[in-house]
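Everything on this sheet refers to the single structure shown next.
Since every read-out is calculated from the coordinates, none of them should be taken as a lab result. For clarity, every value in this text was computed on a predicted model and none was experimentally measured. No Cβ is skipped: glycine too gets one built from the backbone with ideal geometry, and neighbour counts run over all protein chains shown.
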Amino acid sequence: MSQYKDEIAAIQRVKDAAGSPWDEINAESAARMRIQNRFKTGLEIAQYTADIMRRDMAEFDKDKTKYTQSLGCWHGFVGQQKLISIKKHFGTTDKKYLYLSGWMVAALRSEFGPLPDQSMHEKTAVASLVEELYTFLRQADARELGMLFRELDKAREAGDAAKEAEIQDAIDNYETHVVPIIADIDAGFGNAEATYLLAKQMIEAGACALQIENQVADEKQCGHQDGKVTVPHEDFHAKIRALRYAFLELGIDNGIIVARTDSEGAGLTKEIAVVNEPGDQGDRYNSYLDCEEIDVSEMAEGDVCINRDGKLLRPKRLASGLYQFREGTGPERCVFDSVEALRAGADLIWIETATPSVADIKAMMDGVRKEIPDAKLVYNNSPSFNWTLNFRKQAYDRWVEEGKDVSGYDRDDLMNAKYDDSELAADADAKVRSFQEDCSREANIFHHLITLPTYHTTALSVDNLAKEYFGDQGMLGYVAGVQRKEIRQGIACVKHQNMSGSDIGDDHKEYFAGDRALKAGGAKNTSNQFN
């Protein structure tokens, strides 16, 4: 960030050159506004955050404890509050990102109302959410800097030079709330040209990292549901190249592409891949098809068959017209997909899994890293997993292997609340706690995200409030359950007028109208009760 005094001096020179018409313009006030609005365009944000992410990737290559994390956000306010909380609790936003979930855009941002994660929502809503998130993050900067400017004025009025210098240093070294966003572009919302056009919108809004998946765009399905249909590699790679061209056209030469494979749970394909020569990508893709060897005389009208090694094979075709892969080939196809996506220009890979298992993720990543040693993974710590049940089962099985007594537990009923305070539950929770650290060390996971956490926290908190407020607690349900906790925990939103920008507006009114300004933050403002 520019030095505060340098900004004032720069604007003063412009003011002096303008002459008397600018007499009422205060150079320091204008400098404050400029500093509060550090990022003027989404492309500036995309470049700034791409640089951060590339630096973090390089640090992770040297030290596996330096992994990054994010939480999914469905509204600018949610992302803003996450970053405000991070700065409050940890003092820095280092290694903390935001994730933009296509699932939450579909469920919460579509004009059609709640939709499943099937690319049915308006694709422009994705770019709009990127822009909204950064609008709220920039407003968080403006608010926090505005509070520092007010403290600076108080220190000056008190003649406290030491305090003034301390606050000016805080302004000069201010850390922005703006962090990288990994943004979900689904399967591209159409062909490669459609993917490119949407990518440009998302990058122009500020996204430095785009995550794209290898499903068929018009059959796209949530990664944790059934019925997923993948595409041959050449189709997917055309979209990866479309993303790269979008980054290059807009001057974000180090933009990040995350290639996601859903093959672990996807048993279907819409196309038989084109084969140019034996052993190429298309041939390998087709090798996973579930086929039966037939004689030409057995071909029925309309059959589609392929020739492999002189044998006539008929892929199993469903009534839907889709072809199915051989059972159990998902993990191998994930490795194949990931290696080829990296070779096609992706920077990071994402493998959707059926359960959260360090061993399973490591096994696939070991296969990828045999071909691409520095391959790094983005992993979805998904709310679609029942984490408690999965890790209790893993603990149970581990205890059995170790010869420990499990007679007090029913493996088919481990979710029962009666086990919540048990030794096995504590063992399982310890593994949940270290899951991200273990995965980054064992499976080279660079980024851990939770796709839908704020969807679930909103539902949980509203349920608790509704139960208390509309029940016998009445107003105490809000006061004790919400407001008093906000005050005790120092949640900035308890002063919601300040959070919404009222004090920033008062500052501007004073800049624009001086003593004639009609400000909202006077003695009768009830927010003063929270000072």
Rounded FRET efficiency, nearest 0.05, which uses the C-beta distance separating Lys485 from Glu59 and R0 of 30 Å: 0.25
Could you tell me the relative contact order of the chain? Use alpha-carbon pairs under 8 Å, at least six residues apart, and round to a whole percent. 15
Calculate, for Arg343 and Glu298, the FRET efficiency according to 1/(1 + (r/R0)^6) with r their C-beta to C-beta distance and R0 35 Å; round to the nearest 0.05. 0.35
Using θ = phi - 60° and the Karplus relation 6.51 cos²θ - 1.76 cosθ + 1.60, list the HN-Hα couplings for segment 417-428 in order, rounded to whole Hz, with x at every Gly or Pro. 4, 5, 8, 4, 9, 7, 5, 5, 5, 5, 4, 4
Using a 10 Å cut-off on Cβ atoms, rank the peptides 66-76, 433-443, 313-323, 10-20 from the highest mean neighbour count down. 66-76, 433-443, 313-323, 10-20
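I need the calculated FRET efficiency for the pair Glu111 and Ser85, taking r as the beta carbon distance and R₀ as 41 Å, to the nearest 0.05.
0.85
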Over segment 38-120, what is the mean sequence separation of C-alpha contacts under 8 Å (at least six apart), divided by residue count, expressed as relative contact order in percent? 23
So which chymotrypsin sites (Phe, Trp or Tyr not before Pro) in segment 110-156 are both in a DSSP loop and have at most 16 other Cβ atoms within 10 Å of their Cβ? Phe112
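Students often check this: by mean Cβ neighbours within 10 Å, which of 167-178, 504-515 ranks highest, and how do the rest follow?
Ranking, from highest mean packing down: 167-178, 504-515.
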What distance in nm separates the simple spin-label points at Ala459 and Lys5, each placed 7 Å from Cα in the Cβ direction? 5.6
Anisotropy class of segment 394-474 from Cα gyration tensor, a/c 1.5 cut: oblate
Based on Cβ point charges of +1 for Lys and Arg and -1 for Asp and Glu, what charge dipole magnitude is obtained for the chain about its Cα centre, in debye rounded to the nearest 20? 1480
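Where in segment 1-62 are there GluC sites (Glu not before Pro) that are in a DSSP coil and have at most 15 other Cβ atoms within 10 angstrom of their Cβ? Walk me through the numbers on the way to the answer.
Values: sites: Glu7, Glu24, Glu28, Glu44, Glu59; in loops: Glu24.
Of the GluC sites (Glu not before Pro), the ones in loops of segment 1-62 whose Cβ has at most 15 other Cβ atoms within 10 Å are Glu24.
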³J(HN,Hα), Karplus 6.51/-1.76/1.60, whole Hz, each residue of segment 197-204, x for Gly, Pro: 5, 5, 4, 4, 4, 5, 5, 4
Acute angle (nearest 10 degrees) that the helix 124-157 long axis makes with the longest principal axis of the chain, alpha-carbon atoms: 30
How far apart, in nm, are the 7 Å Cα→Cβ label points at Asn173 and Lys418? 5.7
Using just the Cα positions, wrap segment 421-531 in a convex hull and report its mean projected area in square nanometres, one decimal place. 12.8
Residue-averaged 222 nm ellipticity for the chain, from DSSP H runs of 4+ at -39500 (n - 2.57), nearest 500: -15500 deg cm²/dmol
